[in-house]
Amino acid sequence: DTAVSQTPKYLVTQMGNDKSIKCEQNLGHDTMYWYKQDSKKFLKIMFSYNNKELIINETVPNRFSPKSPDKAHLNLHINSLELGDSAVYFCASSQDGGGGETQYFGPGTRLLVL
Amino acid sequence: GQNIDQPTEMTATEGAIVQINCTYQTSGFNGLFWYQQHAGEAPTFLSYNVLDGLEEKGRFSSFLSRSKGYSYLLLKELQMKDSASYLCAPEGGTGGFKTIFGAGTRLFVKA
């Protein structure tokens, strides 16, 4: 059983398009995250949700909109894609967002904007 | 502000010991994680230190000095499969716990 899953694994699209990435966790965790890992390998947090409520919202363009229909799912919608959005996007989850909690990462979605 | 400094790359020989250092500055520091990330894969948890000192877990150990803003990951009896990136990740920030990842140290283990 996959603990944290993401779809799609690869996404190639044109500039200006709108796309969504889906994430699901079956660990029963309350907190989910979206990270962006760029070509320099920095893994930067974008958003964090606890029990469907937004708790961390880093300085991310408002073209990025997370949606959490329930605590097991956190999707990421990106409007008007730009070349600089090309990166690997990782979803992760942890028990309840408290200190010292291990985060479990999904396999990543490799986004290439042409 | 937040700053994490670790070497970009290291090379070591199979069977040897390697130490990966990390210095950090982060507001509201709570503890420090180390994660391992193989090329093309997701990061996976290795260790978490909240108190000063050394935590040993099999071939891997992690050390923390809160006063110095310093941590290291020690890998013993290196194996080829240990070739990966090792991400130093202090936990802190304001308004909720946030894990801040460094760019990682790429470790190459050679025969």
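The values are calculated or read from the model by the stated rules, or taken from the named source; none is laboratory data. Please read these numbers as outputs of a predicted model, since none were measured by experiment. Reconstructed Cβ throughout: ideal geometry from the backbone, glycine too, with neighbour counts over all protein chains shown. These area figures cover heavy atoms from the full protein model, side chains too; ligands, DNA and RNA do not enter into them. Shrake-Rupley method; radii C 1.70, N 1.55, O 1.52, S 1.80 Å.
Using a 10 Å cut-off around each Cβ of peptide A:100-107, what is the average number of partner chain Cβ atoms that fall inside?
6
Kirkwood hydrodynamic radius, computed over distinct alpha-carbon pairs, for chain A: how many Å, to one decimal?
14.0
Keeping every protein chain in place, order A:LYS9, A:LYS67 by accessible area at 1.4 Å, biggest value first, i.e. largest first.
A:LYS67, A:LYS9
If you put +1 on each Lys and Arg Cβ and -1 on each Asp and Glu Cβ, how big is the dipole of the protein assembly as shown around its Cα centre, in Debye rounded to 20?
My answer is approximately 380 debye.
Could you sort B:THR8, B:THR99, A:THR102, B:THR13 by their accessible area in this structure, using a 1.4 Å probe and putting the largest first?
B:THR8, B:THR13, A:THR102, B:THR99
Can you give the relative contact order of chain A as a percent, counting alpha carbon pairs under 8 Å and 6+ residues apart?
37
So, for chain B, what is the accessible surface per residue at a probe of 1.4 Å, expressed in square angstrom?
With all protein chains present, chain B gives 47 Å² per residue.
State which entries of A:LYS71/B:LYS57; A:LYS41/B:LYS81; A:LYS44/A:LYS67 exceed 24 angstrom in Cα-Cα distance in the structure shown.
A:LYS71/B:LYS57
Would you mind getting the accessible area per residue of the range A:1-86, heavy atoms of the protein chains only, 1.4 Å probe, in Å²?
56
If one takes the accessible area of chain B alone plus chain A alone and subtracts that of the pair, with a 1.4 Å probe, what total in Å², rounded to the nearest 100, results?
When B and A are taken together, about 1500 Å² of accessible area is lost.
Points 7 angstrom from Cα along the Cβ direction at B:SER61 and B:ALA39: gap in nanometres?
3.1
Compactness ratio of the range A:52-114: Cα Rg over 2.2 N^0.38 Å, N = residue count?
Cα Rg divided by the expected 2.2 N^0.38 Å: 1.23.
What number results when the radius of gyration of the range B:23-111, computed over Cα atoms, is divided by 2.2 N^0.38 Å?
Rounded to two decimals, the normalised Rg is 1.09.
With +1 on each Lys and Arg Cβ and -1 on each Asp and Glu Cβ, how big is the dipole of chain A about its Cα centre, in debye rounded to the nearest 20?
So the dipole magnitude of chain A works out to roughly 380 debye.
Using only the alpha-carbon atoms of the protein assembly as shown, report the extent along each of the three principal axes, biggest first, to the nearest angstrom.
49, 37, 37
Expressed in nm², what is the orientationally averaged projection area of the convex hull enclosing the Cα positions of the range A:38-85?
Reported value for the Cα convex hull: 3.8 nm².
Largest first, what is the accessible-area ranking of B:MET10, A:MET15 with a 1.4 Å probe?
Largest to smallest exposure gives the sequence A:MET15, B:MET10.
Anyone know which of B:GLY15, B:GLY40, B:GLY69 comes out most mobile in the 10 Å Cα GNM of chain B?
Of B:GLY15, B:GLY40, B:GLY69, the Gaussian network model singles out B:GLY40 as fluctuating most.
Quick one: Cα centre-to-centre distance for the range A:36-53 and the range B:6-69, in angstrom?
Measuring centre to centre over Cα atoms gives 20 Å.
Using the Cα centre of the protein assembly as shown as origin and beta-carbon charges of +1 (Lys, Arg) and -1 (Asp, Glu), tell me which of A:LEU81, B:VAL18, B:LEU87 is placed farthest towards the positive end of the dipole.
A:LEU81
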